[in-house]
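One structure below.
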Amino acid sequence: MIVFEGFPVGREMPSPVRLLCCWLVAAGYASGASAQTLSGFNSISATQERLTENHWRLVGNVALEDKDTKLFADQIDIFVDEDRAVAVGNVVFTQGKSRIAADKADFNTKTRLGTFHGASGIASVQPPMRSSGVGMFAPPLSTQQTDVYFFGESVEKIGPKKYKITNGGFSTCVQPTPRWDMHADTVVLNIDHYSLLRNAVLNVKGVPMFYLPVLYYPTKEEGRATGFLLPTYGVTSLRGQAIHNAFFWAISRSQDATLMHDWYSKAGQGFGGEYRYDFGGGSDGAINALLLNQKATLGPSGQVALPASNPYFVRSAATQILPGNLRARFNADYYSSVNTMQSFNTNIYDATRNSRSFGANVVGAWRTFSLNGTYDRTEFFGSPTSSWLQGSTPRVALARNERPLFRNSPVYLSATSEFANIDRQSREDGVVGTDDSLMRVDLSPQIRYPFKKWQWFTVNSVISWRDTFYSRSHSLTPTGAKGPVEDRSLNRQYYTMSAQAVGPVFNRIWNTPDNGYAEKFKHTVEPFVNVQRTSNIENVNRFVQIDGFDAIVGNTTNFTYGVNNRFYAKKHPANGRPSASMEILSVELVQTYYTSPLASQFDMRYQTSFNQGAPSNFSPLQLSVRATPTPAINATLRGEIDSRHSELRTLSANTNYNWASRIQSQVAWTKTFFIKELPGFNDKNSLYHMLNLSTNVHTQDNRVGVMHSFNYDILQGGVMQQRISAFYNAQCCGISFEHQTYNWAGFGFPPDRRFFLSFTLAGLGNFSPFNGAMGGIPR
């Protein structure tokens, strides 16, 4: 039913009114309408007046409605000869959830282009549906809106989906007073493509925060879109003020790249990027790289803190599925300057690392056989100019997995073999010093018999034989001590026999139905004894010890004995879940006796075995305690007591607390003790005593959060670093900051104080700089 004041039902509508409706249809404001039938509008209200032959006027609260499309105005003038229509007075256009209001609208009925004056509006952009296929998605924060509010002195339609806003801007805050808006002299809005702002200013709570001469902002409906990301501001004592910028490139549904630029007021600038891909089926990866054009900077006392240089960083990890049931992996954590590495990163664990590495690995499995091929190199720095290089170029291992020796046999057979070209070099200023590199070929079959007839007593027996070929070996001095490595091959053969016995196991159960903690408790006592016999190995002093695989002492029998106490609790049923048992406390005490004292210096089961202590028939007495009273709390304690001097060598404690992923806290403490008569522990300068703490507290919806961490050197009496980060996300925007006090001297650079600031705006992406600042803050 058509209602048009002044025109009876069934009569043809005047031509100017049809022209107006045609423009609305063509412009997309009334989809599916037809000019001949008044564009199919369900309701049109107006009073018409013909002023001249080519000038028609619709007045009287003009309202045109069709399904979800509406146009309102006090008056619409139609100029037939000019193909022009002018709407004035409370002009409002709505379509679906989008709305635009203006004082005046002037448009061409033929080209369908026009201008809204004194306009403001709101558009709703729905997030894309998540596909079940392959691809990478960046989920929006739960607090972010999908509505966009825009305004301007004039909004000009200059293309089918292209608009030009003059002296206006936009915001994703739709409150009566937006918390933030982006204002610009000119905004070119290209729907489903981009927005280009010139002379843009970000205002937060009406306060200008920063100015950008040009801003490129994506307006695609996709989850990821190409465009500039919000910059991060920072200031540090060593590098001065900093602005971290990034450009995001959505290459395809399964690939993207981020180009980064860092500017420092004191230390030059940096150029970097990140490339990510996910092709599905386990083939994915990422690579990060940064090149610094670093200027020389001075420390507080006028010394050169950072020399002029061009250091670079490369970090990558990738996995690729290959034909033939093979999988390849690649990783790199490489840098050109250890000084820059330790002064650049905000993460204390990255900053204190003194190694760089890269490597690739290929693994495969076929029935009873498995293959593992590795190529890797790792370099450890003792100073900025001296280092120690080790690696495998390559290392290939082929293994036969454990299977019954005969059908239904209780005896199992397995075998391993390996070929390795091992690099081991010392370097000074990049020049090779000592070179202990060699080729190693190894073969080792093994037979195992597990005795498990009784649940309270089990014995696992193993016998193995090993044959190893070395392409190089140590020469010997006249006294029989090790000399330099020479090109003389050597073969090593030996066998080992071992048995691991557990039991008899003693149990006791307490029923406590009235206990508030658990309805039942259980205590088990598990004594154990492990015996291992290694046959005699000839020419022990001539073997080049590359890793623990080579640190084998022959003609010795080791007896490892101890007891493990375990406490279990069966909790009461809760929230409809049945009662379940969990281990709440474990206490283990273990020690090893060696018939050959030399073996005590090469036992990798004990943390302090390699501290150059004197050979002994007894290992340290090792105590391990693990407690988990609730799923949210766990704690560990580990200590080693010297068997000869009856004093603690080392003691460490660690505890974690996690409440509903809203509060996460970790405290770690470790100390090595001074023992006057024990080499490796009698030098106070080589001891350490550290306390590390980290806490993360945030609301369930990530609206507010605080993160704090510090590393305190108790022995030296100073904080190595302290880092505080906080964020606040409102309905449509947020702010985050980070402050760090960095006092770790590393290889001689002065302390540094660092501050970083970043904004989070709904619909606008941001990022974490390459140095790790703002890491852990929700993005």
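The values are calculated or read from the model by the stated rules, or taken from the named source; none is laboratory data. What you see is a predicted model, and the numbers here were worked out from it, not measured in a lab. Glycine also receives a Cβ, built like all others from the backbone with ideal geometry; neighbour counts cover every protein chain displayed. The accessibility values were calculated without ligands, DNA or RNA, using every heavy atom of the protein model including side chains. Shrake-Rupley method; radii C 1.70, N 1.55, O 1.52, S 1.80 Å.
Please state which of the following conditions ILE509 fails to meet, knowing it meets all the rest: (1) closer than 30 Å to GLN425 by Cβ; (2) assigned to a strand (DSSP E or B).
Here ILE509 clears every test but (1).
Being within 24 Å of SER736 (Cβ to Cβ) and either part of a strand (DSSP E or B) or open to solvent by less than 50 Å² (accessible area, probe 1.4 Å) (or both) is true for just one of GLY234, GLY285. Which residue is that?
Just a single option satisfies the conditions, and that option is GLY234.
For PHE313, which of the numbered conditions (1) open to solvent by 20 Å² or more (accessible area, probe 1.4 Å); (2) within 23 Å of GLY359 (Cβ to Cβ); (3) in contact with a Leu (Cβ under 9 Å, 6 or more places away or on another chain) fails to hold?
(1)
Every residue, every condition in (1) modelled with pLDDT under 80; (2) over 30 Å from the mean Cα position of the chain (by Cα); (3) under 16 Å from HIS117 (Cβ atoms); (4) buried (at least 19 other Cβ atoms within 10 Å of the Cβ), yes or no:
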| residue | (1), (2), (3), (4) |
| --- | --- |
| PHE150 | no, yes, yes, yes |
| ILE158 | no, yes, yes, no |
| GLY168 | no, yes, yes, yes |
| CYS173 | yes, no, no, yes |
| LEU189 | yes, yes, no, yes |
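Restricting to the range 437-495, and then to whatever is touching a Gly at 6+ places or on another chain (Cβ under 7 Å) and not in a strand (DSSP E or B), can you tell me which residue is nearest to GLU538 (Cα to Cα)? Walk me through it before giving the result.
Here is the first cut: in the range 437-495, the ones touching a Gly at 6+ places or on another chain (Cβ under 7 Å) are 456-458, 474-477, 494.
From what is left, the residues that are not in a strand (DSSP E or B) are 456, 477.
Values: TRP456: 41, THR477: 17 Å.
Among those that are touching a Gly at 6+ places or on another chain (Cβ under 7 Å) and not in a strand (DSSP E or B), it is THR477.
State whether the residues of the range 737-760 include one that is farther than 22 Å from LEU238 by Cα, at pLDDT below 85 and crowded, with 17+ Cβ neighbours inside 10 Å.
Yes, the range 737-760 contains a residue that is farther than 22 Å from LEU238 by Cα, at pLDDT below 85 and crowded, with 17+ Cβ neighbours inside 10 Å.
Consider the range 262-282. How many of its residues are touching a Lys or Arg at 6+ places or on another chain (Cβ under 6 Å) and open to solvent by 60 Å² or more (accessible area, probe 1.4 Å)?
Total meeting the criteria: 1.
Going by what's in this entry, would SER195 be described as assigned to a strand (DSSP E or B), under 31 Å from the mean Cα position of the chain (by Cα), modelled with pLDDT of 75 or more and surrounded by 17 or more Cβ atoms within 10 Å (Cβ to Cβ)?
yes
Being part of a loop (DSSP other than H, G, I, E, B) and touching a strand residue (DSSP E or B) at 6+ places or on another chain (Cβ under 7 Å) is the filter here, so list the residues in the range 662-674 that pass it.
The answer is ARG662, PHE673.
Out of everything in the range 661-683 that is closer than 13 Å to HIS645 by Cα and without any contact (Cβ under 8 Å) to a residue 60 or more places away in the chain, what residue ends up being surrounded by the fewest Cβ atoms within 10 Å (Cβ to Cβ)?
This residue is LYS676.
Answer yes or no: is there a residue in the range 494-511 that is over 30 Å from GLN446 (Cα atoms) and among the β-branched types (Val, Ile, Thr). Show your work before the answer.
Step one: list which residues in the range 494-511 are over 30 Å from GLN446 (Cα atoms), which gives 506-511.
Right, trim to among the β-branched types (Val, Ile, Thr) and you get 509.
Yes, that holds for at least one residue.
Go through (1) of a type outside the set (Phe, Trp, Tyr); (2) surrounded by fewer than 17 Cβ atoms within 10 Å (Cβ to Cβ); (3) in a strand (DSSP E or B) for ASP701 and report which single condition fails.
(3)
For LYS220, which of the numbered conditions (1) in a loop (DSSP other than H, G, I, E, B); (2) touching a His at 6+ places or on another chain (Cβ under 8 Å); (3) at pLDDT 85 or above fails to hold?
For LYS220, the failing item is (3).
Show the residue pairs that are 6+ apart or on different chains and have beta-carbon atoms under 6 Å apart, the first residue being within the range 631-660 and free of Cβ contacts under 8 Å to residues at least 24 places away in the same chain and over 11 Å from THR672 (Cβ atoms), the second being outside any strand (DSSP E or B) and not hydrophobic (A, V, I, L, M, F, W, C).
These pairs meet every condition: ILE641/PRO620.
Please go through (1) open to solvent by 20 Å² or more (accessible area, probe 1.4 Å); (2) touching a residue at least 12 places away in the same chain (Cβ under 8 Å); (3) not in a strand (DSSP E or B) for GLN342 and return the number of the only condition it doesn't satisfy.
Only one criterion is unmet by GLN342, namely (1).
Return the residue satisfying two criteria in turn: it lies in the range 345-361 and is assigned to a strand (DSSP E or B) and not polar (S, T, N, Q), and of such residues it is least open to solvent (accessible area, probe 1.4 Å). So that I can check it myself, show each step before the final result.
Filtering the range 345-361 down to residues assigned to a strand (DSSP E or B) leaves 355-361.
Now narrow it down to the ones that are not polar (S, T, N, Q): 356, 358-360.
Details: ARG356: 34, PHE358: 71, GLY359: 6, ALA360: 42 Å².
So the residue we want is GLY359.
For the list (1) open to solvent by 50 Å² or more (accessible area, probe 1.4 Å); (2) within 23 Å of VAL525 (Cα to Cα); (3) outside any loop (DSSP other than H, G, I, E, B); (4) not β-branched (Val, Ile, Thr), I need the number of the one condition that GLN622 fails.
(1)
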